[in-house]
Amino acid sequence: MRTIAIVGGGPAGSMTANRLLQCAAGAQSSREAVRVVVFEEKLGWEKPCGGGLSHKALREYPFLLQATELVNPVWKMEVYAPGGATAHLNLREPLAIYSRRELNHLLLERCQNAGAEVMNDRVITAARFGDKWRLRGRAGSYEADYLIVAAGARSGLRNQLAGALKAADFMLTFGYFIPGHEDVLRVEFFENFEGYAWSFPRSNHLSVGICGKVGDAKMPDLRRNLSDFMQRHGYSAESASVFSHLLPSLEVESWAGMRLEGDGWALAGDAAGLTDPVTGEGLYFALRSGELLADSILEGFSYARRVWDEFGSKLMLGARICPKFYRGEFLGASMTTRMVQLCDRSKTFLNLFQDMVEGNQAYRGLPGRLFRNLPKYLVETATHSVWKRMGIQSAEQA
């Protein structure tokens, strides 16, 4: 029996374990049997992120929406730009907002039900002896035939196998878990700032925070911008718990030199740096990388090649776009300001933005679609301004 050790029981690790065992169980009896051991010291924990899953993710993983008591489906979104421009959106499809504690519990339980062994231990070192891995944890020592690291982008094991990421490959996050309930998701951009503030309404509390590029944004900048955001929208840090975290947001050069697998090992999820450099969204890529990794182990194809072909090259393009999105200009104003204004004034642009929120618009086709429809944006914006001066609502607003 082949033993596969997975270090990290978050979305990437849990999905890898579940897929391995489900596929192995359905395979022919001649196929090699698989024993999967997931090492997780926290056994479900809160994580400082929004916890949002797009409609694309929900289509691919419908079991997530079936856990109705864990999810808050949000249909309303407000986007704010520097200078005060605002767009209030009714989403065509909901964003599913999870507490990461509850989502991690759900995914761990799911892989346990599939047959995974979950070890409440932290693996500290891993050494290769012949074709075996010897792992040392705080509670014991273990042996495995294959090692998967899904324990985050700053994991020591990740650095041992693939090298450490640079400081510029991260975004710094800071924020609060605030008791309460809302039905609207808020995002706000700031002048000359590579990042954004957010309020994601989870089922029983709000994740209110901010992220900024390491080396560009300092903690005082994050605190000041987040404080302004919270004051504008009536959020209080009283009785709230504080979080801070480093989120992978890889530079173009790091994507080009990324190592995802080697002799008897592979990386998944945040440990592989698989997050969107523009938005910081990583849940979908964690889940999907887990599936691709499990399939590659069982079927023998190149995991790294499949990741690159399916979404890695697109995320690298996102890294190229990111500085232009946050610091560039479009039609004489900042990119973020024009984006928010066009969401409010142009139905054609709003459809583009909704596709992005739903996960249906890739970066590769974005510039072409953006400039191809530029005349429509301008006409619809001008028409909106005329209606506004006359005190008449457009059909879309009504």
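The values are calculated or read from the model by the stated rules, or taken from the named source; none is laboratory data. Just so you know, these numbers come straight off a predicted model, no measurement behind them. As a convention, Cβ positions derive from the backbone with ideal geometry for all residues, glycine included, and neighbour counts pool all protein chains shown. All accessible areas refer to the heavy atoms of the entire protein, side chains included, with ligands and DNA or RNA removed. Shrake-Rupley method; radii C 1.70, N 1.55, O 1.52, S 1.80 Å.
Assigning unit charges at the beta carbon (Lys, Arg +1; Asp, Glu -1) and nothing else, what dipole magnitude in debye, to the nearest 20, does region 31-91 show about its Cα centre?
Rounded to the nearest 20 debye, it is 180 debye.
Leaving out ligands, DNA and RNA, and with a 1.4 Å probe, what % of the accessible surface on region 189-234 is carbon or sulfur?
Percent of accessible area from carbon and sulfur atoms in region 189-234: 46.
Divide by every residue of the chain the summed helix terms, -39500 (n - 2.57) for each DSSP H run of at least 4, and state the resulting mean residue ellipticity at 222 nm, rounded to the nearest 500 deg cm²/dmol.
-11500 deg cm²/dmol
Quote the FRET efficiency, to the nearest 0.05, computed for Thr383 versus Arg232 with a Förster distance R0 of 41 Å and r equal to the Cβ-Cβ distance.
So, using R0 = 41 Å, E works out to roughly 0.85.
Any idea what the dipole of region 1-120 comes to, in debye rounded to 20, about its Cα centre with Lys/Arg Cβ at +1 and Asp/Glu Cβ at -1?
Here the size comes out at about 260 debye.
Using +1 at the Cβ of each Lys and Arg and -1 at the Cβ of each Asp and Glu in region 168-212, identify which of Ile178, Tyr196, Cys211 lies farthest towards the dipole's positive end.
Ile178
So how far apart, in nm, are the two label points at Arg136 and Glu253 if each is 7 Å from Cα heading toward Cβ?
Roughly 3.5 nm, to one decimal.
At 20 °C and 1.002 mPa s, grab the translational diffusion coefficient of the chain from Stokes-Einstein with a Kirkwood Rh over Cα pairs, rounded to a whole number in µm² per second.
Diffusion coefficient, whole number: 96 µm²/s.
Could you give the size of the charge dipole of region 58-176 about its Cα centre, using +1 on the Cβ of each K and R and -1 on the Cβ of each D and E, expressed in debye and rounded to the nearest 20?
Once rounded to the nearest 20, the dipole reads 420 debye.
Just the accessible area per residue of the chain, please: how many Å² with a 1.4 Å probe?
Accessible area per residue, the chain: 44 Å².
Just order 302-314, 263-275, 242-254, 366-378 by mean Cβ neighbour count inside 10 Å, highest at the front, would you?
263-275, 242-254, 302-314, 366-378
State, to one decimal in nm, how far the label point of Glu78 lies from the label point of Ala25, with both points 7 Å from Cα in the Cβ direction.
Those two pseudo-labels are separated by 4.6 nm.
Taking the 0 to 90 degree range and rounding to the nearest ten, how far is the long axis of helix 219-233 tilted relative to the main principal axis of the chain, both from C-alpha atoms?
Compared with the principal axis, the helix lies near 60 degrees.
Round to the nearest 10 and give me the degree value, 0 to 90, for the angle of helix 313-327's Cα axis relative to the longest principal axis of the chain.
The two axes meet at around 40 degrees.
Can you give me the Kirkwood hydrodynamic radius for region 1-119, using every pair of distinct Cα atoms, in Å to one decimal?
Computed over Cα pairs of region 1-119, the Kirkwood hydrodynamic radius comes out at 16.3 Å.
Give the cross-link partners of Lys166 among the lysines, using a straight C-alpha distance below 23 Å as the criterion and excluding same-chain residues fewer than 8 apart.
The reachable lysines, counting only those whose Cα sits under 23 Å from Lys166, are Lys47, Lys213, Lys218, Lys314, Lys324.
Set Lys and Arg Cβ to +1 and Asp and Glu Cβ to -1, take the dipole of region 241-389 about its Cα centre, and tell me which of Trp308, Ser244, Thr383 lies farthest positive.
The listed residue farthest towards the positive side: Thr383.
By how many degrees, between 0 and 90 and to the nearest 10, does the Cα long axis of helix 347-358 differ from the longest principal axis of the chain?
20
Tell me whether region 98-176 comes out rounded, prolate or oblate; compute the Cα gyration tensor, take square roots of the eigenvalues as a ≥ b ≥ c, and use a/c under 1.5 as the rounded threshold.
The shape class here is oblate.
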